[in-house]
Each structure stands twice: as C-alpha cells, then as structure tokens.
Amino acid sequence: MLFDLPDHDTIYKALLARDASYDGQVYVCVSSTGVFCRLTCPARKPKQENCTFFGTIGECIEAGYRACKRCHPLEPMALADPAIAALLAALDERPDYCWRESDIERMGFDLSTVRRSFKRQFGMTFLEMARQRRLRDGFEKLADGGAVIEGQLEAGFDSASAFRAAFLKLLGKAPGALSADPLLFADWVPTPLGDMVSVTSKSQLHLLEFTDRKALPKELERLNSFAKGRLGIGRTEPAEQVKEELSTFFRGSSSGFRTPLAYHGSQFSGAVWDALREIPAGTTRSYSDIAASIGRPSAVRAVARANGANQIALIIPCHRVIGADGSLTGYGGGLWRKQKLLEIERQYLPKRAKVNHHVTS
C-alpha cells in the first residue's frame, strides 16, 4: 500500500541506484513517457518531477500507465494470476480496440472468473477498464481542441453513434451538443484509484467525481442546468491546479488542497462540507461528531445526507466519515476506494499517532 512506502526522495534515490531490494515492492510511473517500470529498469532514469511511485501494479494501471517493455513489470503478476496479466498486457498492446466478452473467451479464459478477479483487484471489470481507457483518450483529444471525429477515432469507437452514446452516458449530452462557448469545463483526471471527471469554471472547481459513481450523470445534468446549457470540455487553471494537487496527494508529498471550490447545496450542507475539510488526513469522524462540530448535535441524519450529496470527492473528504461503531458505512466511490483512501492517508499522520491508529476493514 502507498502508506508503507518510503518518502519520494528515498525511493527516487533507490531508482537512480537501481536498488534490487525494492523489486516487486515499488514501481515508478513516468509521466513523460506514460509507462511504469521496476526500479531496476535498465532504461535511462527520468527526472524526479516526472516520477510517481506506487506499491502495486494495479495502482499503476489504474493511473493510466502501460507496462514498460524493457523491464516487464507484469511478469511477477503473471505468476500469481496469468489471466489478469494476459488481459492487461493485451489491453496495453491494443488500448483502442473495442474489447468484448467473446475476445476474453477466445483467449481461453472463463468470463465469470475473470470478472471476479478484476473486480477484486481493481474494483471494475476488464471490459469496464478497457472502455474507460478508450473514452478517456477521446475525451482528452476533445479537451485539446480536436474535432469530434478526431476524438471518436482516438477513442477507437467504430461509429460516431457509439462514441456519442458513451459521452451521453457519462456527461449527459453527446459531443456535438457540448457548448462551444462554455461557462463550465469538464476534464478527465486519471488517479491511482481510477479515472475521475472534474468540472470547473475559470475560477473554481465545481465537481470532482470518479467516473463510475452512479450519481455522476445526475450531478452533471444539474451543473449543465446551472450553466444554462453551457457545459463543455476543456482545461482551466483550477482544473490543472487540482490535477497537480491530486498528484502530490497520492505521491505522499502533501494532503492539502487549495483549489478554490464552488458549493452547490444549502447553507447547512455547506457547513457540513466545511467541517469535513477540517478533519485531518489520516483520521476519521462519525456523523454525530460532525453534527456536534457545527452546533447541530441532533441533526445526524441531515449530516449523513449532506455527506452523501458531496460532489467534490477527496478535497471535501467525506471518505473520512465512518459509522459510530467504526464501520466504513457507504461511499459513493465504492467502499474499496474508501478503505484505500484511509490507508493512503495514514502516511500523513504524525509518526507517534501511527502506532495506535487503526482503520476498520
């Protein structure tokens, strides 16, 4: 897990030294090349600012990196689960291909076994992972100013209708219906725990959600109405700022977020969200704790509703709220992500606090 890793500088020194003691325990993701490697990779070493380190292959793949063809980091995973390794390698070779269940069967794998394995390891099926990667490629092409047909081809969709349907499902409107003069801009945000979508104005962040969150289409629909139909795709200063802050968060450098936020909720909800932002990284609170902190000790259920209505994930850290009995309770991004986020954030605890800290699983 990320919180078990040494600090960034220590691992970077190990990378430069090709320290074999880290082999199988730490992987480096290089933003300038889009690949992830073992620390012992013989390739020329990247600049430190281009490196992000993860403890598992799954985290590297979830962050959108492909396996290095020189040091072959997937090989150890193949020994543990050949089906996962083979399918990930196939996806890496053909990221623009429209994978189907028949392709998995043709490779000689049982569909139900593969589905369970991917769900357990990544929180999504192989087909969902492949579709997200294709859609992300098309999304990023549009964000860079490309035409719809360029985005369609970049994403590997066979037809314009299929590409429009995928966008419609995610953003609530087809690419051609996106505003050419937006007030709000959607952007794709790859993270170690899965892809996210941000929605920003030119001055504030309005939404940050995992792309597989069930409430996302409705949230985007409300923001589109708020912008009077002027929701488009593009990059803004707040969008770039939140990407950088998320990168430093997952890298273990900082748990602070300074991107300006825009709340979409009642005054009560805003008070709850402010209270959530006061919870230190690596610690948790109960709904009753939050209710008491805002001077409304009897409003526990209302606090829970406001917590669930949060549409700026991680930055407004609703994942730090647990049940009074210590259980994880619900989380729109999935309980597996909530568990991982709490584990990741343990690295931000003072060293003495880590000894007695316990996250309920």
³J(HN,Hα), Karplus 6.51/-1.76/1.60, whole Hz, each residue of the stretch 253-264, x for Gly, Pro: 8, 7, 9, x, 10, 10, 4, x, 10, 10, 8, 10
For Met196, residues with placed amide H under 5 Å, excluding near neighbours: Val189, Thr191, Thr211
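Stretched out fully, how many nm does the piece from Asp23 to Glu75 gain, at 0.36 nm a residue minus the Cα gap? Let's see the in-between values first.
Values: separation 52, 0.36 × 52 = 18.72 nm, distance 1.18 nm.
My answer for the length gained is 17.5 nm.
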Computed E for Lys214/Ser254 - FRET, C-beta separation, R0 30 angstrom, nearest 0.05: 0.50
³J(HN,Hα), Karplus 6.51/-1.76/1.60, whole Hz, each residue of the stretch 29-43, x for Gly, Pro: 9, 10, 5, 6, 10, x, 10, 10, 9, 6, 5, 8, 4, x, 5
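Could you tell me what percent of the DSSP beta bridges with both partners in the stretch 173-245 are antiparallel, to the nearest 5?
Details: 10 of 13 bridges.
The antiparallel proportion sits near 75 percent.
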Long-range amide H partners of Leu207 with built H, under 5 Å: Val199
Order of Cys98, Cys60 under a 10 Å beta carbon neighbour criterion, fewest first: Cys98, Cys60
Segment Phe226-Tyr263, extension gain: residue separation times 0.36 nm, minus the distance between their alpha carbons: 12.1 nm
Burial ranking of peptide ranges 239-252, 290-303 (average Cβ count within 10 Å, highest at the top): 239-252, 290-303
Neighbour cut-off at most 10 other Cβ (10 Å), DSSP loop, trypsin sites (Lys or Arg not before Pro), the stretch 1-53: Arg44, Lys47
Cα centre as origin, Lys/Arg/Asp/Glu Cβ charges: the stretch 1-68 dipole, Debye: 400
Amide hydrogen neighbours beyond the local backbone of Leu314, cut-off 5 Å, H modeled: His319
Under the Karplus curve 6.51 cos²θ - 1.76 cosθ + 1.60, θ = phi - 60°, whole-Hz ³J(HN,Hα) for the stretch 227-239, x wherever Gly or Pro sits: 8, 6, x, 9, 9, x, 10, x, 10, 10, 4, x, 5
Sum of side-chain charges, Ser117 neighbourhood, beta-carbon under 14 Å (Lys, Arg +1; Asp, Glu -1): +1
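Read-outs throughout are calculated quantities, based only on the coordinates presented, and are distinct from any laboratory measurement. Small disclaimer: the values here were computed from a predicted structure and weren't measured. So basically every Cβ, Gly included, is an ideal-geometry build from the backbone, and we count neighbours across all protein chains shown.
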